[in-house]
Amino acid sequence: MSDALAGLDGGPASPAPPLRFDVKSVYVVDDVVDYIVRLVEQIRRDERIAIPLSTRAPIALLNLARALALLDNRNYVIPDDVKKAAHPALDHRIVLKTEYEDQNPRQVVEDALSQVEPPVYL
C-alpha cells in the first residue's frame, strides 16, 4: 500500500513532510539593503533609545522581508516588504530611556519609517 493511502485503513497516517523555504534564495537589491541599514541607523540615533539595536536587528528585518516576499509569490524583496516587516522585527528589540517609558517602542519604528526615504522604482 502506498504511503498516501496508509492512513485510510484505520492505521496511523505517516506525517506530512515539513514545508521548508529557503528565504536566502530571495533576491535583495542593494538599494533595499541600504534602506534597511538606514532604518536601523535612524533608530539607533533616536534620542529615546537607551540601548542601540544590535547587529542582529537588520539581519532579522532582512530575513523577515524575504519571507514576506516569498509569501507574496515573489523571488525579490521590495521596500513595502521591509515596511511590513519593520514592526514585527524591531519593536521588541527597542529599549527606551526611563524618561520615555510612557512612549511605545512602536512609535520609534514608525517615526523611522516616516523619516527614512525608501528606494523608488518605476
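Here are the numbers for the structure shown:
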read-out: Calculated FRET efficiency for the pair residue 20/residue 83, C-beta based, R₀ 22 Å, to 0.05; value: 0.25
read-out: Cα-derived Rg over Rh, computed across the chain with Rh taken as Kirkwood radius; value: 1.21
read-out: At R0 = 30 Å, FRET efficiency that the Cβ-Cβ distance of residue 50 and residue 29 yields, to 0.05; value: 0.35
read-out: Least to most buried among 121, 76 (fewest other Cβ within 10 Å first); value: 121, 76
read-out: Amide H contacts of residue 96 (H built 1.01 Å from N, under 5 Å, at least 5 apart or other chain); value: 50
read-out: For the stretch 58-122, the spread of Cα positions along each principal axis, largest first, Å; value: 43, 22, 16
read-out: Sites residue 37 and residue 91, calculated FRET efficiency, Cβ-Cβ separation with R0 22 Å, nearest 0.05; value: 0.75
read-out: Exposed-site-free run, longest, the chain (rule: GluC sites (Glu not before Pro); DSSP loop; at most 15 other C-beta within 10 Å); value: 48-100
read-out: DSSP H segments from the chain that extend 18 Å or more along their own axis, Cα-based, with Kyte-Doolittle mean of 0.5 or above; value: 56-71
read-out: Extension gain (nm, one decimal) between residue 101 and residue 67, 0.36 nm per residue minus Cα-Cα; value: 9.1 nm
read-out: Footprinting exposure proxy for 92, 87 (fewest neighbouring C-beta atoms within 10 Å first); value: 92, 87
read-out: Cα-centre dipole for the chain with unit charges at Cβ (Lys and Arg positive, Asp and Glu negative), debye to 20; value: 240
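Computed from the coordinates by the stated procedures, all read-outs in this text should not be read as laboratory data. Bear in mind the structure is a predicted one, so any value in this text is a computation, not a measurement. We place every Cβ from the backbone using ideal geometry, glycine too, and count neighbours over all the protein chains shown.
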